[in-house]
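First the structure, in the form of structure tokens, and then the observations on it.
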Amino acid sequence: MANSPPILERIKTAPQSTGVYVMHDRFGKVIYVGKATNLRSRLRSYFTSTPNQAYKVGHLARAVADFEYTITDTDTEALLLENTLIKKHKPKYNANLKDDKTYPFLKIDLSEDFPQPYFTRRFQSDNARYFGPFSSAGSLRKTMTLLNKLFPYRSCTKAITGTDARPCLEYHIKRCAGPCIGAIGKEDYRDIIQQVILFMEGKTKPVITNLKTRMMEAAKQLQFETAATLRDQIKAIEQISEKQKVIAHGKLNQDAIAFARGGDEAWVEVFYFRQGKLENRDHFLMNGVADKPDSVVMEAFIQQFYDLAPYVPKEIVLQHDLNECKAVIRSWLEQKKGSKVHLTNPKRGSKVRLVRMIAENANQKLKERALKWLSDASNLGQALDEIAEALTLSRKPNRIECYDISNIQGSNPVGSMVVFENGRAINEQYRRFQIKSTKTIDDYSMMKEVLTRRFSRLISQKQSKVPNTTFTTVHSQRQASQKDASWGKKPDLVIIDGGKGHLSAALQVLLELGLQEHIPVASLAKKNEELFVPHEPDPILLPKGSQALFLVQRIRDEAHRFAITYHRKRRSKQAILSTLDSIPGVGPIKRRSLIQSFGSAAGVRKASAIDISKTPGINITLAKRIKLHLA
């Protein structure tokens, strides 16, 4: 067992020191990396049941078969080691920046005689200047196109001798200053590159000042064509600057970060302010964020993003605070920058409005991403075809049902069933299950209970409609409600959130109900998004980026979301009921009266003391005591 006595005994001997811990599953694979100022206390917390323990923590605790740790001298060392191990192992229970190794940078190699901005995916410690990372190649190329319109640097890769017989077209359309034909010398060309660097740093004012000086000098020397070219360049840069949004009276360099969450993903928006102006913005996707607090998601993003980024601004404005790790993160960033860095989580004023605006951008982009995909019928059709082919189904799975279990150390366990028809969610056919017969922490038994109840209803409806049906079972004791025809719809595919063990549990239920030949079933494991199907020892891996993978992930995430929402609702209700029981003077009879009067425990919490005192058996003194306990 993952939480067997040997692990618990080892935790007792773990040091109460700062360090990094690494958790392994039974196959030896790294599944989580974390840091702690007190290793023993942090490790023990994963195996201690609490009412507010996150869903994923319970899953993690059950998956842990072994752990190791490394003691560090400082919190900053722990932060750096944690980040290195996360990048190396990509643990499934950590929040990860998607494909962080592939983000592109704008590079200007100053060791070249005639340097130029160019595209790279490798960030190195050399004499070059790097800007980024950008979220995509397209985002970087748009920036490079803008730069080339503003500054006439060379875009060719030829060796520059200054003796070429004729220039290329770029020179004639004023996109290149012509170093190849000697039209510009090395020093003057480097001035152009320096202007590019200043522009990328947000320092447009010195660029414009320099260009105006050169324009006036050219005019004095009657070089009117050169002066006109410089004038147009100045005008273009000023127009770009006017479009930028000034957010502060000062001229700080700031990054502002906010995100929106959807399922197991977070869409992160980063706005770059240079010299007080909005210079650029970019977005990034993170996965593995389900059940993680906002502060943890923000911490993970900052670690992974600024580990890649070649530049750290003076101030970083955050949508969510970093809590206890804030000082460590700040220290690390200051070491990287070489000067003070301010991490700000504003509570009022213009910066609050700023992060809210950025968060709304992130939320809209996340919605657009999902809607864009779902609105394309060809995507859905292709996804269903790909699923049918990958799982060797006899027909396209037009109706897919997905099941998940949510519980924390066995408390308030619930199951969820979500339904997708032709690739789209059918919300009115979603179902929730309170786990009734399983009293221990056993996901497999819980899943069996949910599936038995669901498919017994299917059989009951089939039997009520078709006499002598081939669907027979000793388990169909309960008659399905005739008012809900959806119970009688047979799915073309059942997806279970879990691994091989969950698949075996589902197959046992279908076998006992006589449905194993009628309903295809597969389980989707979080590890590498593996699909397990009956009679196949090896998992099926849907291609990354495929329509099929996107759809099954969405279906699984929706089942997970629906289960967690129900679980939290029950847990909250149970917590309030427990609180009512603990109030002196409130026994089972008065508690029942309160629930009957206000409909629910939440209704009692919202009611005023005067309203509560109108409940039979409760005076104003007791009503005030109840309000005090529920506050």
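If you go through segment 192-211 and keep only what is part of a helix (DSSP H, G or I), in contact (Cβ under 8 Å) with a residue 60 or more places away in the chain and of a type outside the set (D, E, K, R), you end up with Ile193, Val196, Ile197, Met200, Thr204. Among the residues making up segment 602-630, those that are under 15 Å from Gly587 (Cα atoms) and surrounded by fewer than 17 Cβ atoms within 10 Å (Cβ to Cβ) are Pro616, Gly617, Asn619, His629.
To keep it simple, each residue is scored yes or no on (1) within 22 Å of Val328 (Cα to Cα); (2) at pLDDT below 80; (3) surrounded by fewer than 21 Cβ atoms within 10 Å (Cβ to Cβ).
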residue: Arg10; (1), (2), (3): no, no, yes
residue: Pro15; (1), (2), (3): yes, no, yes
residue: Arg44; (1), (2), (3): no, no, yes
residue: Tyr55; (1), (2), (3): no, yes, yes
residue: Thr70; (1), (2), (3): yes, no, yes
residue: Asp75; (1), (2), (3): yes, no, yes
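Going residue by residue through segment 468-490, is there one that turns out to be under 25 Å from the mean Cα position of the chain (by Cα) and modelled with pLDDT of 80 or more? No, because not a single residue in segment 468-490 is under 25 Å from the mean Cα position of the chain (by Cα) and modelled with pLDDT of 80 or more.
Against the numbered list (1) at pLDDT 75 or above; (2) surrounded by 17 or more Cβ atoms within 10 Å (Cβ to Cβ); (3) out of contact with any helix residue (DSSP H, G or I) (no Cβ under 8 Å at 6 or more places or on another chain); (4) not hydroxyl-bearing (Ser, Thr, Tyr), Arg571 comes up short only at (1). I'd like to check something: does segment 326-343 contain any residue that is crowded, with 18+ Cβ neighbours inside 10 Å and aromatic (Phe, Trp, Tyr)? Yes, because at least one residue in segment 326-343 is crowded, with 18+ Cβ neighbours inside 10 Å and aromatic (Phe, Trp, Tyr).
Being of a type in the set (Lys, Arg) and at pLDDT below 85: is that true of Lys174 here? The answer is yes for Lys174. Within segment 294-312, residues that are within 14 Å of Asn96 (Cα to Cα) have Cβ atoms under 7 Å from residues that are modelled with pLDDT under 90 and of a type in the set (D, E, K, R) in these pairs: Gln304/Asp100; Tyr306/Lys336; Leu308/Asp100, counting only partners at least 6 apart in sequence or on another chain. Filtering segment 491-533 to residues that are modelled with pLDDT of 90 or more, buried (at least 20 other Cβ atoms within 10 Å of the Cβ) and among the small types (Gly, Ala, Ser) leaves Ala505, Ala506, Ala522, Ser523.
A count restricted to segment 168-189 and to residues that are of a type in the set (Lys, Arg) and buried (at least 16 other Cβ atoms within 10 Å of the Cβ) stands at 1. Here Lys203 meets each of (1) exposed (fewer than 14 other Cβ atoms within 10 Å of the Cβ); (2) out of contact with any Gly (no Cβ under 8 Å at 6 or more places or on another chain) with one exception, condition (1).
The values are calculated or read from the model by the stated rules, or taken from the named source; none is laboratory data. The structure presented is a predicted model; accordingly, all values stated were derived computationally and were not measured. A quick note on method: Cβ atoms are made from the backbone with ideal geometry, for glycine too, and the neighbour counts reach across all protein chains shown.
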